[in-house]
Amino acid sequence: MTLLPLRPATRADLPRIHEIRHGTAENRLTNPALVTNEEVAWYLDHGIFLVSEDEYAVQGFTCVNHQTGYVWALFVIDEAQGRGHGSRLLEAGMARLREAGHRQAYLSTERGTRAEAFYLAKGWHPMGANMGGEVVFRLWL
């Protein structure tokens, strides 16, 4: 099986990234103020911000904080889910964290979602809930 192409995100990708972020049935961004332009710019300029594409377009992206080991975002547009984009993005993000010297990564997601099942299947361990009620996961790298 050929690996899906990954590359660093660029500012030219931002319109498609916004389409992906708003094109998922789960974890819909109902309050756009929760994701600031400054945060997105920081990940573009300093973090691990990767996109996965196929022959048609960018289909998913991940943002990982290389300083803290926090996975800020991992999204694949609904129409492309189940094709390996999420797995490929997650593996690449974790590889870059290992290269940066991290021994663990963490993230949070809503309970009872496909995302929760995805992370459990990938070996992430639930550690409890955050103040927003989301389950917090940790992965030993």
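The values are calculated or read from the model by the stated rules, or taken from the named source; none is laboratory data. None of these values were measured; they are calculated from a predicted model. Don't worry about glycine lacking a Cβ; one is built from the backbone with ideal geometry, like all the others, and counts go over all protein chains shown.
Quick rundown of the values:
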| item | result |
| --- | --- |
| Tally, over segment 117-138, of residues that are out of contact with any helix residue (DSSP H, G or I) (no Cβ under 7 Å at 6 or more places or on another chain), surrounded by 13 or more Cβ atoms within 10 Å (Cβ to Cβ) and at pLDDT 95 or above | 7 |
| Options Glu55, Glu91: the member that is surrounded by fewer than 17 Cβ atoms within 10 Å (Cβ to Cβ), over 22 Å from Thr113 (Cβ atoms) and charged (D, E, K, R) | Glu55 |
| Residue in segment 43-52 that is farther than 21 Å from His18 by Cβ and either surrounded by fewer than 20 Cβ atoms within 10 Å (Cβ to Cβ) or out of contact with any strand residue (DSSP E or B) (no Cβ under 9 Å at 6 or more places or on another chain) (or both) present | no |
| Residues within segment 53-72 that are more than 11 Å from Gly93 (Cβ to Cβ) and either hydroxyl-bearing (Ser, Thr, Tyr) or under 10 Å from the mean Cα position of the chain (by Cα) (or both), tallied | 3 |
| Within segment 6-109, helices (runs of 4 or more DSSP H) holding 1 or more residues that are of a type in the set (Lys, Arg), more than 25 Å from Ala129 (Cβ to Cβ) and modelled with pLDDT of 90 or more | 14-22, 85-99 |
